[in-house]
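To start, the structure under review is shown below, and the notes come after it.
Each value in this text was obtained by applying a stated rule to the coordinates, not by laboratory testing. Here the structure is a predicted model, which is why all the values come from computation and not from measurement. Cβ atoms come from the backbone with ideal geometry, glycine included; neighbour counts cover every protein chain shown.
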Amino acid sequence: LVLILDFGSQYTHLITRRIRSLSVFSLCISGTSPLSAITELNPRVVILSGGPHSVHTPESPSFPPGFPEWAQSNGVVVLGICYGLQLIVQRLGGEVRVGEKQEYGRMEIHVERNAAQGLFGSKMVGDRQAVWMSHGDEVATLPDGFEVVARSQQGAVAAIENRAKRFYGLQYHPEVTHSPEGMETLQYFLFEVCGVAAGWKMENLMDEEIKVIKSTVGIEDHVICALSGGVDSTVAATLVHKAIGDRLHCVFVDNGLLRYKERERVMETFERDLHLPVTCVDATDQFLSKLKGVVDPEIKRKIIGKEFISIFDAFAQELEGKLGKKPAYLVQGTLYPDVIESCPPPGSGRTHSHTIKSHHNVGGLPKDMKLKLIEPLKLLFKDEVRQLGKILNVPEQFLKRHPFPGPGLAVRVLGDVTEGNALDILRQVDEIFIQSIKDAGLYDSIWQAFAVFLPVRSVGVQGDQRTHSHVVALRAVTSQDGMTADWYYFEHKFLDDVVRKICNSVRGVNRVVQDITSKPPSTIEWE
Ligand code: XMP
């Protein structure tokens with residue numbers, strides 16, 4: 001295992017992904033975790049991530065006391081990246097100072113010493129490479145036993161190592177694509193310097209998860225799972241079904257916030273293609289009555305999360321009547337980014353979706369929930385879930401579906417979702433947009449596409465008449481994992497056709513705009 005200690009860098013999750021893509025399993029936990037949490041995981045390599053702090057600030061986060069000694073006496077290799085490097089230097093007796101010149105963005109570094117077996121392998125003195133830097137502080141003096149192996153073009157320390165102690169540091173970010181040789185460096189570091197063996201496969205994780213589920217769920221216990229028709233819950237349910245068979249009971253909740261004909265479509269494909277037993281609950285009135293008059297996005301999310309849980313509890317109660325035993329567990333398709341984003345390391349200064357948005361499958365669960373959670377995907381990224389689904393023979397149409405947020409159209413109708421026929425209008429617009437994308441053969445090249453209902457009206461002219469109607473926005477983005485995203489470029493002709501179709505067939509819409517903002521600074525959803 002390669003363990004990443006997260007000190008709040010926006011790139012931390014990327015390190016995890018990059019290492020997994022080299023067939024080495026990696027996990028990321030908060031950088032301020034106690035030493036016992038680190039030793040329990042028994043890592044072979046620990047990577048200290050970057051972060052927005054300066055080691056000089058008193059409250060800046062650090063690895064736990066005793067960590068360097070533990071690493072050294074157990075032969076654990078340590079690599080610090082950016083802030084991680086500065087932590088190593090400062091905590092081991094060197095000095096970090098505010099840099100005379102700050103280094104942000106693309107820079108060139110050159111190797112200072114021939115480094116066979118070191119960080120740069122066979123690179124020769126003077127070899128150059130472009131890297132991505134992002135730091136204000138710099139190393140002034142090194143702790144005993146360390147040496148500089150590369151410097152930036154401005155002369156700042158760019159890489160250090162202490163081969164005897166097996167401590168290494170890179171001032172730049174090898175994990176980002178703007179460091180073109182970064183992946184090669186990470187690969188060399190893991191396989192040659194640390195002697196890690198590649199061999200981790202999705203099949204291992206599947207077998208491991210099945211074992212864990214079997215041992216967690218008692219032999220007589222029953223489990224419920226909320227299926228949404230999306231990739232995550234479908235793969236999670238299929239995995240749990242493989243582990244415990246028909247003691248899994250799935251429920252599909254129509255909360256009145258679904259897309260056009262979604263309930264009929266999803267229920268039909270569950271039965272036809274997945275052969276999972278699914279009960280459909282129509283809870284439209286329950287959700288919409290609770291959402292009436294609510295405009296605050298966070299309150300909407302919390303209400304929806306709470307209603308979902310009350311439905312699961314009721315479903316569990318109903319099953320108790322039938323089975324004579326109450327289901328004890330609830331399966332959730334929580335993914336790794338939800339976990340990372342919901343639990344930023346304390347003191348990291350990072351305010352992720354924990355405060356930006358309460359993803360209802362993580363942040364919004366009530367503390368007094370009676371069902372215990374099973375989250376078999378909580379270590380995986382979305383593309384890894386798709387890989388797992390493939391191994392589990394989940395049909396392509398599920399695996400390729402664009403993500404759809406748990407709170408559904410509630411976060412795509414800005415303002416009160418029950419006002420007028422906003423939901424109905426949005427469903428029609430969304431259907432036209434998505435169907436056009438499918439017809440043009442673009443669906444699989446887009447991470448997510450959808451329409452948003454805006455709480456404004458604009459003046460238009462339709463059939464010689466003045467109208468004062470609704471405005472909708474179209475959004476389509478590309479992304480690897482939903483954590484960053486770019487807007488998708490459509491040809492003019494495509495957009496022209498879609499907008500024409502929307503205005504001609506959806507009553508109440510006289511203006512369509514396109515959202516061309518990336519994430520960051522925006523998020524993918526509007527609320
Ligand atoms: P944002 O809007 O935060 O979304 O950039 C990132 C990805 O997460 C989806 N999303 C959610 N998924 N429950 C979910 O299951 C939620 O509450 C939720 N909010 C956003 C969003 O659609 C995008 O794919």
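Which FRET efficiency value, to the nearest 0.05, do you get for Val456 and Leu22 by plugging their Cβ-Cβ distance into 1/(1 + (r/R0)^6) with R0 = 41 Å?
Working: r = 49 Å, r/R0 = 1.19.
Once the sixth-power term is evaluated, E becomes 0.25.
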Q: Quick one: net charge around Phe308, please, counting Lys, Arg +1 and Asp, Glu -1 for every other residue with C-beta under 13 Å from its C-beta.
A: +2
Q.
Quick test of the membrane-span-like rule: which DSSP H helices of the chain reach at least 27 Å along their long axis (C-alpha atoms) with mean Kyte hydropathy at least -1.0?
A. 297-323
Q) Taking Cα pairs under 8 Å and at least six residues apart, what relative contact order does the chain come out at, in percent? A) 11 percent
Q: Tell me the label-point distance for the pair Asp464, Ser122, using the 7 Å Cα-to-Cβ offset, in nm and rounded to one decimal.
A: 8.1 nm
Q | Largest to smallest principal axis extent of the C-alpha atoms in the stretch 35-142, angstrom | A | 41, 34, 22
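Can you pull the Kirkwood radius for the chain, inverse mean 1/r over Cα pairs, to one decimal in Å? Kindly include the intermediate steps, with their values, before the conclusion.
Numbers: mean 1/r = 0.0394 Å⁻¹.
With all distinct Cα pairs of the chain included, I get 25.4 Å.
Please compute the length gained on full extension between Asp496 and Lys372, using 0.36 nm multiplied by the number of residues separating them and subtracting their Cα-Cα distance. Walk me through the numbers before you get to the answer.
Numbers: separation 124, 0.36 × 124 = 44.64 nm, distance 4.96 nm.
Gain on stretching Asp496 to Lys372: 39.7 nm.
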Q: Rounded to the nearest Å, what's the spacing between the alpha carbon centres of the stretch 15-93 and the stretch 158-201? Just the number, please.
A: 14 Å
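Between beta-carbons, use under 14 Å as the cut-off and find the net charge around Gly99, counting Lys and Arg +1, Asp and Glu -1. Could you put the intermediate results ahead of the total?
On the way: positive: Arg97, Lys101, Arg151; negative: Glu95, Glu100, Glu103, Asp137, Glu138.
Charge balance in the 14 Å sphere: -2.
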(Q) Modelling each spin label as a point 7 Å along the Cα-to-Cβ direction, I'd like the Thr279/Tyr260 distance in nm, to one decimal. (A) 3.2 nm
(Q) Let's test this: bin the Cα-Cα distances of the stretch 420-514 at 10 Å from zero up to the farthest pair and state each bin's percent. (A) 16, 47, 29, 8, 1
**Q.** Positive-end residue of Leu319, Gln286, Ile299, charge dipole of the stretch 264-331 with Cβ unit charges
**A.** Ile299
Q: Quote the charge dipole size of the chain about the Cα centre in Debye, to the nearest 20; the model charges only the Cβ of Lys and Arg (+1) and of Asp and Glu (-1).
A: 380 debye
Q. Could you give the Stokes-Einstein D for the stretch 2-193 in µm² per second, using the C-alpha Kirkwood radius, 25 °C, 0.890 mPa s?
A. 151 µm²/s
Q.
Can you find, among Gly66, Leu79, Leu239, the residue sitting farthest towards the positive end of the charge dipole of the chain, where Lys and Arg contribute +1 and Asp and Glu -1 at Cβ?
A. Leu239
Q: Mind giving me the nanometre distance, one decimal, between the label points for Ser310 and Lys400, set 7 Å out from Cα along Cα→Cβ?
A: 4.0 nm
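Residues with beta-carbon under 11 Å from that of Pro395, excluding Pro395: net charge, scoring Lys, Arg +1 and Asp, Glu -1? All intermediate terms of the calculation are to be shown ahead of the outcome.
Values: positive: Arg272, Lys390, Lys400, Arg401; negative: Asp273, Glu396.
So the environment of Pro395 carries a net charge of +2.
Remind me, relative contact order of the stretch 2-193 in percent, using alpha carbon pairs under 8 angstrom and six or more residues apart?
20 percent.
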Q. Once phi is turned into θ = phi - 60°, what whole-Hz ³J(HN,Hα) does the Karplus curve with 6.51, -1.76 and 1.60 give for every residue of the stretch 66-76, x standing for Gly and Pro?
A. x, 4, x, 5, 4, 4, 5, 6, 10, x, 7
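Only Cα pairs under 8 Å and at least 6 apart count here; give the relative contact order of the stretch 420-514 as a rounded whole percent. Don't jump to the answer; show the numbers that get you there.
Details: 139 pairs, mean separation 28.8, N = 95.
Once divided by the residue count of the stretch 420-514, the mean separation gives 30 percent.
How high is the FRET efficiency between Thr478 and Lys326 when r is their beta carbon distance and R₀ equals 45 Å, given to the nearest 0.05? Write out the running numbers ahead of the final one.
Numbers: r = 44 Å, r/R0 = 0.98.
It comes out at approximately 0.55.
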